[in-house]
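Below is one structure; the comments refer to it alone.
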């Protein structure tokens with residue numbers, strides 16, 4: 001997705017996606033490197049959109065959450081807005097394919113004599 005630089009805040013350069021989501025770019029020396037969270041955010045949100053999970057935004061949720069949890073999640077992902085953070089978290093849970101459990105369940109099911117070519 002296209003992004004544009006919108007200004008600086010506390011040593012970070014902000015980039016805004018076309019949809020309006022703001023994600024920080026972290027300055028490292030002379031280079032500006034996208035936070036790892038941006039790549040993950042884009043991948044999750046694209047998959048959620050492809051899966052039809054990002055339709056009409058008419059549902060409102062609320063709750064009390066530890067400020068430390070919210071701030072750490074924002075630092076880790078680079079997401080600045082509460083709504084975007086909640087949407088990303090929900091999309092991450094909704095798209096979870098439970099790979100680890102499935103991988104463990106298939107352990108030992110491949111014939112040990114199977115020639116894998118390496």
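Taken together, the values in this text are just the output of simple stated rules run on the coordinates, not laboratory data. Since the model is a prediction, treat every value here as computed from it, not as a measurement. No Cβ is skipped: glycine too gets one built from the backbone with ideal geometry, and neighbour counts run over all protein chains shown.
Annotations
- For the range 44-116: rounded, prolate or oblate by the Cα gyration tensor [a/c cutoff 1.5]: prolate
- Sorting 98-110, 45-57, 62-74, 80-92 by their mean Cβ neighbour count within 10 Å, with the most densely packed peptide first, gives 80-92, 45-57, 62-74, 98-110.
- Once the chain from residue 107 to residue 59 is taken as fully extended at 0.36 nm per residue, the excess over their C-alpha distance is 13.2 nm.
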